[in-house]
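Enquirer: Quick one: this structure, given as structure tokens, is what I'll be asking you about.
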Amino acid sequence: MADPRIIIVGAGPAGTRAAEVLVAAGLRPTVVDEGSRSGGQIYRRPPPNFTRSHDALYGTEAAKARAVHAAFDALGDRITYRPETLAWAIKDDRLHALKGSRSEALAYDALLLAPGATDRVMPLPGWTRPGCYSLGAAQIALKAQGCAIGERVVFLGTGPLLYLVAYQYMRAGHAPAAVLDTSSYGQQLSGLALMAARPGQLLKGVRLLRALRRGGVPVLRNVEPLEVLGDAHGVDGVRFRDADGSERRLACTAVGMGYHLRAESQLADLAGCEFRFDPAVQQWLPQTDAMGRSSRANVYLAGDGARLLGADAAETAGRLAACAMLADLGHRQDARTVARLQRAMKRHARFAEGVARAFPWPHALAAELPDATLVCRCEAITAGELRASVTALGAPEVNRAKAFSRVGMGRCQGRFCGLASQEIVAAACKGRVEAAGRLRGQAPVKPLPIALLGEDGRG
Amino acid sequence: MAEPRRRADVVIVGGGIVGCSTAFFLRQRGLSVVVLERWLVGQQASGTNFGNVRRQGRYLPQLPLANRSREIWGRIRELTGSDVEFMPVGHVRFLWSEEQIDVVEAYRREAATYGLELHILGRNAIREKFPFVGPEAIAGSWSPHDGHANPRLVSPAFARAARRDGAEIVENCDVLAVEKVGEDFLVSTAQGDYRAPVVMIAAGAWAAGLSAAFGQPVPLKAGGPQMGVTEPLPYFVHPVVGVATATAEEVIYLRQIPRGNVIFGGVRRGPASLGAERAKYDPDGVFAQFRQVLRLAPSLSHARLIRTWSGVEGYMDDNIPVMGASGKVAGLYYAFGFSGHGFQTGPGVGDVMAELIATGRTTTPIDDFHIRRFGEGGDAGSPG
């Protein structure tokens, strides 16, 4: 095929490494990215006039961040780079891309989706008070804006990011009031053997914990979050049950919450890719083969938007998916390179399985949320209303529950409430979460201005 | 779990608004009924349409049916026990050109003979009454008693009410064949057979295959409405809004729900396939739709679209539904092909079909919709 039209969505670690492989093969991919600079979420770059160093911004991950940024910058004009561009729809081998108020359809022969992940959040009474942030937002505030989310911050949830963000806050001079982890010590130990697949990463985690302890940051495990306290103007504490089952309160002015990650999979859905339920992470994910080929012939997937394996794996997956694309386009591939990348992916997968075991999504908490808890903040729908769509109205699965209750029909289109709402529906149906189905994605991926201009500049 | 009812007075193929409301009204008349739905009730055209409870602009001979339906809409909460968000806020069609004034004036006169009250409002009157309307509008045709409802809720509400009253509603049940065996129909499904002396085909876009199997082919095509909804905005568009135009590209309709979201559709239909459970919104159509939306309500230029959708609707060549007895096979009834405007009439169609099946006649004229207009006139005598 002469000059195949290749589009990569995402300029994080996966998209960067994929572009690098394709450029090395003499191709010229178009990279569509929402960010104003490359790096994705994990290696988010501050605005150009910010002066904090890579070491200050990325801590233990500084070398990797530097390498990924340098790799992207080195591509220069050998790619067509479209920053600040939202991929909002896919249909008939065309990607609809929005920049500012202008949208155009980009035809492709091959498409690599590397859109990354968002925080996985769990509703909680009081979680909509001003002063509650996701872990990712707390981290962005620090990385991109150089500020903390509050004076006295509690980090609540589970997963490696919980500890990493707490550590980064401590390093930036904002030692958190506490880290409250829903996972137990036993669960974390049970993940150790698998996480040993990447001893370096594991060691980093252990060091991070030790640094938090030395810094005097209390770390409580096996907690059950009960409420974010405060009023309409802000947060003044959290209420939770500790490992002994005693109810406790802790004063704070901000809460950073998150339960590991949620794959940004709507583009894969719009492209028509098939999904499967991954029991390890309790999420529906687009199917891929070992190379990153989706169920659609010309759609490839890499990074946390396809499998939640973390940033290092995203780099590997990006390279592999580019190799698969090249092979499918008739380019010869070095079998040894591919085999090496695949071995690396296996290690990443093993490590990620350990992480999932050590920091499980506490799905039972969603099922037990009090009826009055707001689940869908866009549409202001409570857990009780969502449950009633099952119990009183007879919705047998999540899309029907959405149709009845409007949970997931607001601005976020279920990107934030979707996973918790699936748990609530499944519990109300007295079934497993995978039996309650998967929320269907609909364009636009994010809101689209009505005053939209076309390629010709006409509205 | 109790054994499903395998035999009933009536089996209805298709659990859209027509199938579910017919089942409800058949129970009111004491007949036993089973509804067989391939997916979930009201999932296709009935659940994905715009939600227009509109009479004005309809094919005139359909107005008696639409009036009967409007009367049911007014009682729908008491009948079904559910709030389907029916809001009789009125329906206005704006005019962009002088030529349309004669057209809507003539329609107003004719509609009045069917008891539909319409008012033609001039340039100043529409601005006073509908301050949101764009500068191009020169007049409006106002139907004060029309309105809108939430299509996602209506068919399931009829299904629940019918079930409450003793109907059997079977979801996720694919009908494989419908045959006449002796006096009875045998309806084969993947979950077993059902028998009844009466069958009603209410399978929307999928109905043509079933009527053809009884030697009554019809020109029915699948099409997908192109629907979108904005983020919530202050509640400023109270009526349902449309356009009176002879130009297809100018056809647009929108409504706002009290929650604040503006729902719109129109301009052109997308493709839909009978082989797929879902039809997809065509993102290329978004520019043309937005242009027409902004002609109606320019202040929406500050709003954002948050979701699009489509569904599978069945369109007849002549845009007129097929409704009534088969006329060829005794005990066989049809109600399908509502061509993108069957939501308002849905409850009325259910009431009329139940009346026809139970009594053999209807007090509302439906002759214009008979399948015999496509040839193959009936010879198998009396319905019911």
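Read the figures in this text as sums done on the coordinates, not as results from a lab. These numbers were taken from a predicted model, which means no experiment stands behind them. Positions of Cβ are generated from backbone atoms using ideal geometry, with glycine treated the same way; all protein chains shown enter the neighbour counts.
Enquirer: How far, in degrees from 0 to 90, does helix A:13-24 lean away from the longest principal axis of the Cα atoms of chain A, to the nearest 10?
Expert: With rounding to tens, the tilt is 10 degrees.
Enquirer: Give me the distance in nm between label points sitting 7 Å out from Cα along the Cα-to-Cβ direction at A:Arg343 and A:Asp77, one decimal.
Expert: 4.1 nm
Enquirer: Further question on the same structure: What residues qualify as long-range amide H neighbours of A:Gln283, i.e. H under 5 Å apart, gap of 5 or more or another chain, H built at 1.01 Å from N?
Expert: Distant-sequence amide H within range of A:Gln283: A:Asp278.
Enquirer: Explain nothing, just compute: Karplus ³J(HN,Hα) = 6.51 cos²θ - 1.76 cosθ + 1.60, θ = phi - 60°, for every residue of the range B:282-287 in order, whole Hz, x for Gly and Pro.
Expert: 9, x, 5, x, 5, 5
Enquirer: Of A:Gly234, A:Ile149, A:Ala166, which is farthest along the charge dipole of the range A:121-259 in the positive direction, counting Lys and Arg as +1 and Asp and Glu as -1 at C-beta?
Expert: A:Ala166
Enquirer: Within a 10 angstrom radius of each residue's Cβ in B:284-291, how many Cβ atoms of other chains show up on average? Whole number is fine.
Expert: 5
Enquirer: What average count of beta carbons from other chains do you get within 10 Å of the Cβ of residues in B:273-283?
Expert: Mean shielding by partner chains, rounded to a whole number: 3.
Enquirer: Evaluate the relative contact order of the range B:223-382 (contact order divided by residue number), counting alpha-carbon pairs under 8 angstrom at least 6 apart; express in whole percent.
Expert: With pairs under 8 Å counted, the relative contact order is 22 percent.
Enquirer: Fewest to most neighbouring Cβ within 10 Å: what's the order for A:Ser36, A:Ser295?
Expert: Going from sparsest to densest Cβ surroundings: A:Ser36, A:Ser295.
Enquirer: Further question on the same structure: First measure r as the distance between the Cβ atoms of B:Thr363 and B:His302, then evaluate 1/(1 + (r/R0)^6) with R0 = 35 Å and state the FRET efficiency to the nearest 0.05.
Expert: According to the calculation, E is roughly 0.10.
Enquirer: What is the mean number of Cβ atoms from other protein chains located within 10 Å of the Cβ atom of each residue in peptide A:399-410, rounded to a whole number?
Expert: For this peptide, the per-residue mean of nearby foreign Cβ atoms is 4.
Enquirer: Can you give the relative contact order of the range A:121-259 as a percent, counting alpha carbon pairs under 8 Å and 6+ residues apart?
Expert: The value is 36 percent.
Enquirer: While we're looking at this one, here's another question. Going highest first, how would you order B:98-110, A:275-287 by mean Cβ packing within 10 Å?
Expert: A:275-287, B:98-110
Enquirer: Sorting A:Met257, A:Met409 on the 10 Å Cβ count, fewest up front, what's the list?
Expert: A:Met409, A:Met257
Enquirer: Given axes a ≥ b ≥ c from the Cα gyration tensor, I'd like to know whether the range A:363-436 is rounded (a/c under 1.5), prolate (a/b larger than b/c) or oblate.
Expert: Rounded is the answer for the range A:363-436, as its axis ratio a/c remains below 1.5.
Enquirer: Right, here's the next one. Compute the Cα gyration tensor for the range A:121-259, then decide on rounded, prolate or oblate, letting a ≥ b ≥ c be the square roots of its eigenvalues: rounded whenever a/c is under 1.5, prolate when a/b is larger than b/c in the other cases, and oblate in all that remain.
Expert: oblate
Enquirer: With 10 angstrom as the radius, rank B:Cys173, A:Cys147 by how many other C-beta atoms surround their C-beta, starting from the fewest.
Expert: Fewest-to-most ranking of B:Cys173, A:Cys147: A:Cys147, B:Cys173.
Enquirer: Calculate how steeply helix B:99-113 sits against the longest principal axis of the alpha-carbon atoms of chain B, using the helix alpha-carbon long axis, and give the answer as 0 to 90 degrees to the nearest 10.
Expert: On a 0 to 90 degree scale, this one is about 50.
Enquirer: Considering only the other residues whose Cβ falls under 15 Å of the Cβ of A:Ser103, what net charge follows from Lys and Arg at +1 and Asp and Glu at -1?
Expert: With Lys, Arg at +1 and Asp, Glu at -1, the neighbours total +2.
Enquirer: To continue, here is another question. Compute the long axis of helix A:199-214 from its Cα atoms, compare it with the longest principal axis of the Cα atoms of chain A, and write down the angle in degrees, 0 to 90, nearest 10.
Expert: 40 degrees
Enquirer: For a protection proxy built on the mean count of beta-carbon atoms within 10 angstrom, sort B:322-333, A:425-436, B:339-350 highest first, please.
Expert: B:339-350, B:322-333, A:425-436
Enquirer: Towards the positive end of the charge dipole of chain A, with charges on Cβ (+1 Lys, Arg; -1 Asp, Glu), say which of A:Ala178, A:Thr30, A:Gln287 has the farthest Cα.
Expert: Final value for the positive-end residue is A:Ala178.
Enquirer: Please report, largest first and rounded to whole Å, the three semi-axes of the ellipsoid equivalent to the protein assembly as shown, where each semi-axis is the square root of five times an eigenvalue of the C-alpha gyration tensor.
Expert: 52, 29, 28
Enquirer: Summing -39500 (n - 2.57) over the DSSP H runs of n ≥ 4 in the protein assembly as shown and dividing by its residue number, what mean residue ellipticity at 222 nm do you reach, to the nearest 500 deg cm²/dmol?
Expert: That calculation yields -9500 deg cm²/dmol at 222 nm.
Enquirer: Under 5 Å between amide H atoms, partner at least 5 residues away or on a different chain: which partners does B:Arg7 have, H built in plane at 1.01 Å?
Expert: Hits under the 5 Å cutoff: B:Arg195.
Enquirer: Give me the Å³ per residue figure for the convex hull around the C-alpha atoms of chain B.
Expert: 131 Å³
Enquirer: Oh, and also: Which whole-number percent gives the relative contact order of chain B, counting Cα pairs below 8 Å spaced six or more residues apart?
Expert: Once divided by the residue count of chain B, the mean separation gives 24 percent.
Enquirer: Could I ask something else about it? Lys/Arg Cβ at +1, Asp/Glu Cβ at -1, dipole of the protein assembly as shown taken about the Cα centre: which of B:Val286, B:Ala358, A:His363 is farthest positive-ward?
Expert: After comparing all options, I get A:His363.
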